[in-house]
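Read the structure below first, then the notes.
The values are calculated or read from the model by the stated rules, or taken from the named source; none is laboratory data. All of these numbers come straight from a predicted model, not from anything done at the bench. Counting neighbours? That spans all protein chains shown, and the Cβs are built from the backbone with ideal geometry, glycine included. Areas reflect the complete protein model, heavy atoms only, side chains present, ligands, DNA and RNA absent. Shrake-Rupley method; radii C 1.70, N 1.55, O 1.52, S 1.80 Å.
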Amino acid sequence: MITYKKIDESYFGAYDKIPMLVNVKSVFKLEKIQNGLGGVLFEEIPVKESIKDLGVYENPKEYSKQFDISNWVFFMAFDNEIPIGACTVASKTKGVNMLDGREDMSVLWDIRVDDKYKGRGVGTKLFNMAVDWSKLNGFKQMKIECQNNNVPACKFYYKQGAVLGAINEYAYYSDEDLRDEVQFIWYLKL
């Protein structure tokens, strides 16, 4: 039986053990019309299949060392007692650039579901918990970051009603391993 609950820092060790893997089979390729002045077209194109481990970028046990997480919330999903999914929502925190200095916006900082449980509604339930918490706390908008090579996440956020609001081809340019990735910023009106 799958259960969900709000958690505190004592669960971060278990949270961190939930894999955050993306099976990359395709990417959204950008085609700029008239150098972008005429718009941007997206085409989903197949690529050589690979696994990207996003967990190397997110370690919940490190959050409080980097930020004041007193305005953050954490949720987890369990199959009996086994952790299978989790999400983090950040808000009202100095030093979190994703918040753009706004007090009326939350950020879906992290969401992950073990591959064995994908497609079973776990991610949707965690996402809805993040949305409900954000609404309850008076936020007007939720911001979400992903990349053009995380096509499943893009499709998921679109399905949840989020709107692609920003595209940054050079967000990861200083990291040679990520240089070819394009940052997508999604916004969800709450």
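Which one of these is within 26 Å of MET1 (Cα to Cα), touching a residue at least 24 places away in the same chain (Cβ under 8 Å), open to solvent by 60 Å² or more (accessible area, probe 1.4 Å) and not hydroxyl-bearing (Ser, Thr, Tyr): ASP115, ASP68? I'd like the intermediate steps shown before the answer.
Values: ASP68 fails: within 26 Å of MET1 (Cα to Cα).
From the options ASP115, ASP68, the qualifying one is ASP115.
Are there any pairs, at least 6 apart or on different chains, whose C-beta atoms fall under 7 Å, with the first in segment 132-143 and without any contact (Cβ under 8 Å) to a residue 40 or more places away in the chain and the second of a type outside the set (A, V, I, L, M, F, W, C), and if so, which?
Qualifying pairs under 7 Å: none.
Would you check which residues across segment 36-79 are β-branched (Val, Ile, Thr) and under 18 Å from the mean Cα position of the chain (by Cα) and list them? Outline the logic, then answer.
Of segment 36-79, the ones β-branched (Val, Ile, Thr) are 40, 45, 47, 51, 56, 69, 73.
Passing the criteria: ILE51, VAL56, ILE69, VAL73.
Would you confirm, using the coordinates I've provided, whether SER10 is in contact (Cβ under 8 Å) with a residue 12 or more places away in the chain and among the polar types (S, T, N, Q)?
Working: in contact (Cβ under 8 Å) with a residue 12 or more places away in the chain: no; among the polar types (S, T, N, Q): yes.
It is false that SER10 is in contact (Cβ under 8 Å) with a residue 12 or more places away in the chain and among the polar types (S, T, N, Q).
In segment 111-129, which residues are assigned to a helix (DSSP H, G or I) and of a type in the set (Lys, Arg)?
Filtering segment 111-129 down to residues assigned to a helix (DSSP H, G or I) leaves 115-117, 122-129.
Across segment 111-129, the qualifying residues are LYS116, LYS125.
Scan segment 1-39 residue by residue and report those that are assigned to a loop (DSSP other than H, G, I, E, B) and touching a Pro at 6+ places or on another chain (Cβ under 6 Å). Quick ask: steps written out before the conclusion?
The first filter runs over segment 1-39 and keeps only residues assigned to a loop (DSSP other than H, G, I, E, B), leaving 1, 8, 17-20, 37-39.
Within segment 1-39, ILE18 is the sole residue that qualifies.
From (1) more than 16 Å from the chain's Cα centre (by Cα); (2) within 24 Å of ASP132 (Cβ to Cβ); (3) not aliphatic (A, V, I, L, M), pick out the condition that doesn't hold for GLY101.
(2)
Mind checking which residues of segment 96-133 are of a type in the set (Asp, Glu) and under 17 Å from ALA166 (Cα atoms)?
Taking segment 96-133 and keeping what is of a type in the set (Asp, Glu), we get 100, 103-104, 110, 114-115, 132.
ASP100 - this is the single residue of segment 96-133 that is of a type in the set (Asp, Glu) and under 17 Å from ALA166 (Cα atoms).
All but one of (1) surrounded by 11 or more Cβ atoms within 10 Å (Cβ to Cβ); (2) aliphatic (A, V, I, L, M); (3) within 18 Å of the chain's Cα centre (by Cα) hold for ILE82; state the number of the condition that does not hold.
Single failed check for ILE82: (3).
So which residues in segment 30-58 are open to solvent by 60 Å² or more (accessible area, probe 1.4 Å) and out of contact with any Leu (no Cβ under 9 Å at 6 or more places or on another chain)?
Of everything in segment 30-58, those that are open to solvent by 60 Å² or more (accessible area, probe 1.4 Å) and out of contact with any Leu (no Cβ under 9 Å at 6 or more places or on another chain) turn out to be GLN34, ASN35, LEU37, GLU44, PRO46, LYS48, GLU49, VAL56, TYR57.
Hey, PHE74 hits all of (1) part of a strand (DSSP E or B); (2) in contact with a Phe, Trp or Tyr (Cβ under 6 Å, 6 or more places away or on another chain); (3) not aliphatic (A, V, I, L, M) but one; which does it fall short on?
Of everything listed in (1) part of a strand (DSSP E or B); (2) in contact with a Phe, Trp or Tyr (Cβ under 6 Å, 6 or more places away or on another chain); (3) not aliphatic (A, V, I, L, M), PHE74 misses just condition (2).
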